[in-house]
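*Asks:* I am attaching a structure below and will ask some questions about it afterwards.
Where a number appears in this text, it was derived from the coordinates with a stated rule and is not lab data. Treat the numbers as computed from the prediction; the structure is a model and nothing was measured. As a convention, Cβ positions derive from the backbone with ideal geometry for all residues, glycine included, and neighbour counts pool all protein chains shown.
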Amino acid sequence: MLSVLDLKKMKANNERISMVTAYDYPSAKQAEQAGLDMILVGDSLGMVVLGYESTVEVKVEDMIHHGKAVRRGAPNTFTVVDMPFMSYHISLEDSLRNAAKIFQETNAQSLKVEGASEEILHFIKRLTESGIPVVAHLGLTPQSVNVLGGYKVQGKDKAAARKLLEDAKKVVENGAVALVLECVPKELAEVITESINIPTIGIGAGSECDGQVLVYHDIMKYGVDRLPKFVKSYADFNNLGIEALKAYNSDVKQKSFPTESHSFFIKSNDILPDSK
Ligand code: KIV
Ligand code: NA
């Protein structure tokens, strides 16, 4: 299991950090077996495995339910769990209570929060002081999709680019152990990466971040119809799954499955009751 110090060392040694989302036992098991450095139990689970419209509908209970399954599948992989929409905004006390609940019940290594407002920065500081490592998330922050007006690239003008760099420095000052940069121009992600001493983990942020994260279902093309520009798919579970189910359906209809080889048998017919 990597530690937060290992992650910093990897950045210092210019060694890329690989991260993938996972939401359940089998995907977490695969991620660990494939040797990924980190797993994110992203609140993207709301969209990719629960079929919600956005991450806004995800609850603390959803994160705990899925987080626990992931930890069982990948007990030896550094796992980050997202704090869901509005679970860290109402009051500091409420936010700390929610964080403690998610962290303790999932037994995760870190929690992730979006944004860098004064309140969020203070929250990052308090969590760090309490012993909960925090991964920050800047750029496109999907929990604010309704305020941002859509899933758009962030930091495209001078003021926004400056603000993003300042925010990145602030999350570091308040104790964040890594920073996810989502949908940020490559050049800006590079400047931010060079300006801070914690690893940046990019998604739609170009090739110069210290690490990379993708959504499991995007990598596998599994249950997702349209893929953003920044995704590279490595499999086609949609087709594989549909083809397998079609073949199964047809075997059942044609009575060609199950066969003798899939069946159990008794030793002697005289133990059978009469049919009727
Ligand atoms: O929820 C998620 O999958 C994420 C990644 C896109 C970084 O936050
Ligand atoms: Na997320």
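*Asks:* Based on other C-beta atoms within 10 Å, arrange Val171, Val231 from fewest to most.
*Replies:* Arranged by neighbour count, lowest to highest, Val171, Val231 become Val231, Val171.
*Asks:* State, to one decimal in nm, how far the label point of Lys125 lies from the label point of Leu148, with both points 7 Å from Cα in the Cβ direction.
*Replies:* 2.6
*Asks:* Please compute, for the alpha-carbon atoms of region 1-151, the extent along each of the three principal axes and give them in descending order in Å.
*Replies:* For region 1-151, the Cα extents along the three principal axes come out at 37, 34, 29 Å.
*Asks:* Using a 10 Å cut-off around each Cβ, can you sort Thr79, Thr128, Thr259, Thr55 from fewest to most neighbouring Cβ atoms?
*Replies:* Least to most surrounded, the residues fall as Thr259, Thr128, Thr55, Thr79.
*Asks:* Suppose each label sits 7 Å from its Cα in the direction of the beta carbon; what would the Ser256-Met86 distance come out to in nanometres?
*Replies:* The two pseudo-label positions are separated by 5.3 nm.
*Asks:* Is there a pair in Lys101/Lys169; Lys125/Lys158; Lys125/Lys152; Lys8/Lys169; Lys186/Lys229 whose C-alpha atoms are over 20 Å apart, and which pairs would that be?
*Replies:* Beyond 20 Å: Lys101/Lys169; Lys125/Lys158; Lys125/Lys152.
*Asks:* Using C-alpha positions alone, give me the convex hull volume of region 82-129 per residue in cubic angstrom.
*Replies:* About 69 Å³ per residue, rounded to a whole number.
*Asks:* Apply 1/(1 + (r/R0)^6) to the Cβ-Cβ distance of Lys101 and Lys163, taking R0 = 25 Å, and write down the FRET efficiency to the nearest 0.05.
*Replies:* That pair, Lys101 with Lys163, gives E of 0.20.
*Asks:* So what is the orientation-averaged projected area of the chain, using the convex hull of its C-alpha atoms, in nm²?
*Replies:* 19.9
*Asks:* Give me the number: length gained by fully extending Ser263 to Ser3, i.e. 0.36 nm times residue separation minus the C-alpha to C-alpha distance, one decimal in nm.
*Replies:* Length gained, Ser263 through Ser3: 88.7 nm.
*Asks:* Roughly speaking, what is the centre-to-centre gap between region 129-193 and region 27-65 when only Cα atoms are used, to the nearest Å?
*Replies:* 20
*Asks:* Nearest 20 debye, what's the magnitude of the dipole of the chain about its Cα centre given +1 on Lys and Arg Cβ and -1 on Asp and Glu Cβ?
*Replies:* 240
*Asks:* Calculate for the chain the 222 nm mean residue ellipticity that helices alone would give, adding -39,500 (n - 2.57) per DSSP H run of length 4 or more and normalising by residue count, nearest 500 deg cm²/dmol.
*Replies:* One gets -12500 deg cm²/dmol as the mean residue ellipticity at 222 nm.
*Asks:* At a Förster radius of 45 Å, what calculated FRET efficiency corresponds to the Cβ-Cβ distance of Glu118 and Leu245, to the nearest 0.05?
*Replies:* Once the sixth-power term is evaluated, E becomes 0.30.
*Asks:* Could you give the alpha-carbon Rg of region 1-70 over 2.2 N^0.38 Å, rounded to two decimals?
*Replies:* Relative to the rule-of-thumb radius for its length, region 1-70 sits at 1.26.
*Asks:* May I ask you to sort His217, His89, His65, His262 by Cβ crowding, counting other Cβ atoms within 10 Å and putting the fewest first?
*Replies:* Lowest to highest Cβ neighbour count: His262, His65, His89, His217.
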